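S.K.: Provided herewith is a single structure, encoded as structure tokens, for subsequent inquiry.
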Amino acid sequence: MKKIFVFLCALAIVSCKEEPKNYVTLSGKITNKTSDSILLRNRTITKTILLADDGTFSDTLKIDQPEVFGIFNGNIAAPIFLKNGFDINMTADVENFEETLEFSGPGAEHNNFLSEQIQLEKKLLDQDKLSSLSSEGLKTEIEDIRKELTSFYNQDKGIDSTVTNMAKSNLEPMLNMFQNYFAESIAVREQFPVGSPSPTFENYENFKGGTTSLKDLEGKYVYIDVWATWCGPCIAEIPALKKLEEEYADKNIQFVSISIDDAMRSGGGDPEVAKTKWRTMIEEENLAGIQLFSDKNWKSDFIQNYKINGIPRFILIDPNGNVVDANAPRPSSKKIEELFDGLSI
């Protein structure tokens, strides 16, 4: 009788035990929000979660399998790992999103790992640092980064393998992309060392009328922006470029933008349409500096001599027409002001 009683008690305990949740609970607070909602998205699911006036939110989501999603507030985004049964609280300040993003509650450890991963990769893959290395220095640095990131991915055995396996599978493609990109720019810099004569351009159409050649700008430093109206990263640099132009307006430097808009990519086969798009964007964006249209787009001698295969590309030339930096920092980089100020422009 005693055994039956014990069995029934055990059965009652098991029966009363709470079943694992078959959904995710996600709550938290977004400070300085840029929109009235956050968006969760992966390859098959898109879910909008409304934010209260104070930035707080709470919702649930049932998912088929554990997966890394993107979580967005306006143009700000971060990865988040979700698995049924998680009860995650997330806090972040949009004005400093990556650095303030924190998770707590069941499932938080996997997401804090993701946040640390992003911070570490951002620190190690510093573009200003990588671009300043020699060809051999870049190879050594990439190998050191590979070892450090591999060690980080393997350090915590408690992190879900979905998260760590994704990081490991992305490592080589990511490092190859960085190595190839910077190897090309470093090779250009080594081909055009400081003080070497710069390739030139002649009689490029000037937005304000007439034509302009590089020799017309002798006596001033020349900061050249090679761009196109269809180039998203080029457009993203415009605000920083405008700010830079204002800051150095009274200095001995001329800002020149060379468009390589072409008939196929910009004009649907019509070169005049491409040129019209160029003119329209200059007017709409109120672009300053000297705005030029290259004579043969990608095939222009100036573009090919500088081995420009991707844009935007920035070049700094001294008052004598010699190279200062064949792959100069972008306007949005802190390095550009350091470069300008170091030359006493």
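The values are calculated or read from the model by the stated rules, or taken from the named source; none is laboratory data. Everything quoted here is computed from the prediction, not taken from an experiment. Counting neighbours? That spans all protein chains shown, and the Cβs are built from the backbone with ideal geometry, glycine included. Remember, those area values only see protein heavy atoms, side chains included, never the ligands or the DNA or RNA. Shrake-Rupley method; radii C 1.70, N 1.55, O 1.52, S 1.80 Å.
S.K.: Once every Cα of the chain carries one equal point scatterer and solvent is ignored, give the base-10 log of I(q)/I(0) from the Debye formula at q = 0.06 Å⁻¹, two decimals.
M.R.: -0.34
S.K.: Now for a separate question. Percentage of Cα-Cα pair distances in segment 188-242 greater than 19 Å, rounded to whole percent?
M.R.: On the way: 722 of 1485 pairs.
That tail contains 49 percent of the Cα-Cα pairs.
S.K.: Under 12 Å from the Cα of K33, which aspartates and glutamates turn up, not counting those fewer than eight places away in the same chain?
M.R.: List returned: D53, D54, D93, E95.
S.K.: Now for a separate question. I'd like to check one number: the per residue accessible area of the chain, probe 1.4 Å, reported in Å² as a whole number.
M.R.: Working: 18610 Å² over 345 residues.
Normalised by residue count, the accessible surface of the chain is 54 Å².
S.K.: Treating cross-link reach as a plain straight distance, find the aspartates and glutamates whose alpha-carbon is under 14 Å from the alpha-carbon of K168, omitting any fewer than eight places away in the same chain.
M.R.: E121, E148, D156, D160
S.K.: Let me ask something additional. Can you tell me the Rg and Dmax of segment 196-343, counting just the alpha carbons, in angstroms?
M.R.: Reported Rg and Dmax, both Å: 14.4, 45.
S.K.: Give me the dipole magnitude in Debye, nearest 20, for the chain about the Cα centre, with unit charges on the beta carbon: positive for Lys and Arg, negative for Asp and Glu.
M.R.: With only Lys, Arg, Asp and Glu charged at Cβ, the dipole is about 1260 debye.
S.K.: Let me ask another. Any idea how far apart E116 and N96 come out in nm if each label point goes 7 Å out from Cα toward Cβ?
M.R.: The two pseudo-label positions are separated by 2.0 nm.
S.K.: Also, I was wondering about something else. What list of ³J(HN,Hα) values in whole Hz, one per residue of segment 245-255 in order, does the Karplus curve 6.51 cos²θ - 1.76 cosθ + 1.60 (θ = phi - 60°) give from phi, with Gly and Pro shown as x?
M.R.: Once θ is set to phi - 60°, the couplings for segment 245-255 become 4, 5, 5, 10, 4, 9, 9, 7, 9, 10, 9 Hz.
S.K.: Right, here's the next one. Quick one: of the DSSP bridges fully inside the chain, what percent are antiparallel, nearest 5?
M.R.: 65 percent
S.K.: When the chain is modelled as a GNM with alpha-carbon springs shorter than 10 Å, which of L292, L82, L39 fluctuates the most?
M.R.: Result for the chain, Cα springs under 10 Å: L39 fluctuates most.
S.K.: Top mean-square fluctuation among S35, S115, S135, Gaussian network model of the chain, C-alpha springs under 10 Å?
M.R.: It is S35.
S.K.: OK, next. Would you mind working out the magnitude of the charge dipole of segment 24-97 relative to its Cα centre, with +1 at each Lys and Arg C-beta and -1 at each Asp and Glu C-beta, to the nearest 20 Debye?
M.R.: Around 300 debye, computed over segment 24-97.
S.K.: Could you let me know the centre-to-centre spacing of segment 261-308 and segment 58-132, using Cα atoms, in angstrom?
M.R.: After rounding, the separation between the Cα centres reads 39 Å.
S.K.: Using a probe of 1.4 angstrom, how much of the accessible area of the chain is carbon and sulfur, in percent?
M.R.: Of all accessible area on the chain, carbon and sulfur atoms account for 51 percent.
S.K.: What distance in nm separates the two pseudo spin-label positions at S135 and V194, each 7 Å out from Cα along the beta-carbon direction?
M.R.: 2.1 nm
S.K.: Here is a further query. Holding the Cα-Cα limit at 25 Å, pick out from K242/K277; K251/K299; K277/K334; K296/K334; K299/K334 the pairs that are longer than that.
M.R.: Going by Cα-Cα distance, K251/K299; K277/K334; K296/K334; K299/K334 fall outside the 25 Å limit.
S.K.: How would segment 248-300 be classified by its alpha-carbon gyration tensor: rounded, prolate or oblate, with rounded meaning a/c under 1.5 and the a/b versus b/c comparison settling the rest?
M.R.: Details: a/c = 4.37, a/b = 1.85, b/c = 2.37.
Oblate.
S.K.: Assuming a viscosity of 1.567 mPa s and a temperature of 4 °C, what translational diffusion coefficient in µm² per second does Stokes-Einstein assign to segment 104-193, Rh being the Kirkwood radius over Cα pairs?
M.R.: Estimated diffusion coefficient is 90 µm²/s.
S.K.: Let me ask something else. Taking 30 Å as R0, compute the FRET efficiency from the Cβ-Cβ separation of D144 and D250 and round it to 0.05.
M.R.: 0.10
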